[in-house]
Amino acid sequence: MRKKTIVNSIVVILTFLLAINAKRLIFDYYSISITSDYLKVINTYLWWLIPPLIVLAVLYGFNKIPNLVGLNKGLLFGFIFSVITVSPMLISSAVIGKISADFNLFDIIHKTVLAGFMEEFLFRGFLFGILFRKLGWGFIPASILGGVLFGIGHLYQGSTFTETIGVFLVTSIGAIWFSWLYIEWKNNLWVPIFLHILMNLSWVLFKVSDNALGGSYTNIFRILTIALTIFITIRYNKKNGLKINRMNLLVNKKGEENSTNNN
């Protein structure tokens with residue numbers, strides 16, 4: 001791995017850590033309080049958005065950002081693919097669950113659309129995507145790093161030690177799965193974005209679970225959704241082969257070449 005690649009990798013990781021932690025550190029240090037739920041959400045996601053955008057603009061150029069994170073194409077496909085594959089979860093949740101009596105539209109949008117888009121942008125498009133696609137990291141180290149950090153970010157959902165470990169494993173593995181789909185569908189971030197949004201919607205709108213673990217019945221349909229995405233993805237790539245293979249599991253030489261060509 002070249003020196004410039006190592007330096008850029010460190011910059012990306014530190015920027016990610018800044019984005020994910022800066023709001024909490026600054027507001028705790030200065031004892032700043034925001035009472036509005038709307039402003040709390042906006043403030044959080046601005047921190048998630050602005051530092052990565054600045055770093056991407058400096059390293060690769062502002063006009064290349066949509067392509068770098070995978071937002072430049074495939075929006076309609078990502079939506080259709082996600083609707084088809086998440087339909088078992090949506091339908092089953094509508095049957096076994098019920099819309100909460102204290103339904104709050106902003107809360108639903110926050111936990112589905114905003115959370116789904118921003119988490120995929122920061123964890124998959126920025127952290128995993130740049131490390132794997134541009135800086136030569138193999139799929140295994142890049143996706144595991146992103147998966148572990150994603151899992152840590154969801155530890156708050158566990159109320160017991162066992163439940164916390166379960167939430168961590170489920171969300172970490174889910175992050176690796178999202179990373180795989182992102183790359184296999186030609187670096188199309190809209191695929192994991194819409195999957196994330198619709199899966200969250202099936203969980204949040206119909207109140208089928210209090211955390212990412214879910215119950216035995218709901219997990220049957222979550223597994224079915226995952227299986228559908230894997231089956232369709234493998235079938236689609238059968239002729240040309242999967243993009244994640246033994247050539248880029250530990251080191252992605254094409255990613256390092258991209259980094260060199262862009263610098």
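The values are calculated or read from the model by the stated rules, or taken from the named source; none is laboratory data. This one's a predicted model, so the numbers in the text were calculated from it and none came from an experiment. Cβ atoms come from the backbone with ideal geometry, glycine included; neighbour counts cover every protein chain shown. Surface accessibility is based on the protein's heavy atoms, side chains included, excluding ligands, DNA and RNA. Shrake-Rupley method; radii C 1.70, N 1.55, O 1.52, S 1.80 Å.
Rounded to whole numbers, the Karplus 3J(HN,Hα) couplings from phi for region 149-165 are 5, 5, x, 4, x, 10, 4, 4, 6, x, 9, 10, 4, 4, 5, 5, 4 Hz, using 6.51 cos²θ - 1.76 cosθ + 1.60 with θ = phi - 60°, and x at Gly and Pro. What the phi angles of region 186-199 give under the Karplus curve with 6.51, -1.76 and 1.60, with θ = phi - 60°, is a coupling list of 6, 6, 9, 5, 5, 5, x, 4, 5, 4, 4, 4, 6, 5 Hz, glycine and proline written as x. Accessible surface area normalised per residue over region 114-263 is 45 Å², counting heavy atoms of protein chains with a 1.4 Å rolling probe. Here the accessible area is traced with a 1.4 Å probe on the protein chains. For the chain, carbon and sulfur cover 68 percent of it. Spin-label pair LYS254-LYS40: with each label point 7 Å from Cα along the Cα-Cβ axis, the two points sit 4.4 nm from one another.
Put simply, the Cα atoms of region 172-213 extend 34, 18, 8 Å along their principal axes, the longest span coming first. For region 61-164, which trypsin sites (Lys or Arg not before Pro) are both in a DSSP coil and crowded by at most 16 other Cβ atoms within 10 Å? Those satisfying the criteria are LYS73, LYS98.
Rounded, prolate or oblate: which fits the chain when a ≥ b ≥ c are the square roots of the eigenvalues of the alpha-carbon gyration tensor, with rounded for a/c under 1.5 and prolate only if a/b beats b/c?
Oblate.
Here the label points at ASN104 and LEU169, each 7 Å from Cα along the C-beta direction, are separated by 3.2 nm in the simple model. Can you work out the FRET efficiency for the pair PHE27 and LEU75, with r the C-beta to C-beta distance and R0 = 25 Å, to the nearest 0.05? In this case the efficiency is close to 0.15.
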